[in-house]
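Data first, discussion second: the structure below is written as structure tokens.
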Amino acid sequence: MIKNTLSAIKNALYATIGLAAISSIALAGDDRDDLSSATAPLPPGTFTTSAHSDEWKIANALSAGPASITDHATVIDWPAHPKNGMSQGRVLRQGTNGWTCMPDVPGRPQHDPMCVDETMMKWLDATLAGKKPDIDRVGLSYMLMGETRQGQGATPAKDPSQVKQWFTVGPHVMMVLPDSAKDALRGINQDLSNNLPYTTLLSSAAIATPVWIVPVAKGGNRIKEEPAQ
């Protein structure tokens with residue numbers, strides 16, 4: 001009887017320890033995907049990743065633009081192979097205003113979500129695929145969390161920890177001009193380190209068209225919407 005009782009207690013104890021271990025693992029997972037980390041600065045030595053919940057990705061993506069845009073924007077995840085088209089990205093939330101927001105690009109030392117209008121999405125889709133964008137109107141995008149990127153024309157590193165120099169760009173808006181007006185961006189600054197507006201190409205293709213980046217704060221700084229006092 002005593003032996004059976006001790007055995008029952010022992011089994012119950014093991015079961016309790018097992019449940020506690022499972023609970024602690026679940027809590028650790030929840031901690032890693034805490035929604036506050038969707039906008040909090042990344043710990044030194046870490047990089048953005050796609051290993052997050054849909055809820056986390058939505059919170060992260062919507063931090064890219066002003067509420068007047070993000071409240072009714074569609075949110076999509078980056079497709080596994082962006083060159084195949086952004087339409088391959090999974091819809092995380094359906095919107096109604098023609099704007100699309102995307103979470104961090106994986107492998108960066110800073111959050112860099114983006115919100116784009118329909119024209120900028122067309123430009124982004126074509127540029128990543130190495131195609132001519134055929135833009136006929138001005139396109140606009142927001143990256144109000146800023147971004148950290150490699151230098152102009154640098155081939156994206158497979159291992160971000162091996163990148164010797166990152167350039168931090170403050171919160172900014174991006175504009176693409178119609179193809180017929182792209183020469184208007186001729187001669188504009190291309191230095192990523194001076195916090196000034198600059199032009200860049202996201203593709204090495206000869207048919208690529210430039211995008212104009214206009215910072216609204218210094219690299220490493222943030223802006224926040226606050227009601228007027």
| request: Taking ARG222 as meeting all but one of (1) charged (D, E, K, R); (2) over 17 Å from the mean Cα position of the chain (by Cα); (3) closer than 23 Å to LEU42 by Cβ, write down the number of the exception. | output: (2)
| request: Give just the number: which of (1) among the polar types (S, T, N, Q); (2) part of a loop (DSSP other than H, G, I, E, B); (3) in contact with a Gly (Cβ under 7 Å, 6 or more places away or on another chain); (4) buried (at least 17 other Cβ atoms within 10 Å of the Cβ) does THR209 not satisfy? | output: (3)
| note | Exactly one of ALA181, ALA217 is farther than 19 Å from ARG108 by Cα and either open to solvent by 60 Å² or more (accessible area, probe 1.4 Å) or in a loop (DSSP other than H, G, I, E, B) (or both), and that one is ALA217
| query | Before we move on, is PRO109 touching a strand residue (DSSP E or B) at 6+ places or on another chain (Cβ under 8 Å) and in contact (Cβ under 8 Å) with a residue 24 or more places away in the chain? | reply | yes
| Given the conditions (1) open to solvent by 60 Å² or more (accessible area, probe 1.4 Å); (2) farther than 24 Å from GLU226 by Cβ; (3) among the small types (Gly, Ala, Ser), and given that SER68 satisfies all but one, which numbered condition is not satisfied? | (2)
| Is it the case that PRO109 is open to solvent by 10 Å² or more (accessible area, probe 1.4 Å) and under 19 Å from the mean Cα position of the chain (by Cα)? | yes
| Does any residue in region 51-70 that is within 12 Å of THR39 (Cβ to Cβ) come within less than 6 Å, Cβ to Cβ, of a residue that is at pLDDT 95 or above and part of a helix (DSSP H, G or I) six or more places away or on a different chain, and which pairs are these? | TRP56/ALA38; ALA59/ALA38; ASN60/ALA38; LEU62/THR70
| query | (1) surrounded by fewer than 21 Cβ atoms within 10 Å (Cβ to Cβ); (2) of a type in the set (Gly, Ala, Ser); (3) modelled with pLDDT of 95 or more: which one isn't true of ALA80, the others all being true? | reply | (3)
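The values are calculated or read from the model by the stated rules, or taken from the named source; none is laboratory data. Just so it is clear, the structure is predicted and the values come from calculations on it, not from any experiment. When we count neighbours, we look across all protein chains shown, and the Cβ atoms used for this are built from the backbone with ideal geometry, even at glycine. When the accessible area is computed, the model is the full protein with side chains, heavy atoms only, and any ligands, DNA or RNA have been set aside. Shrake-Rupley method; radii C 1.70, N 1.55, O 1.52, S 1.80 Å.
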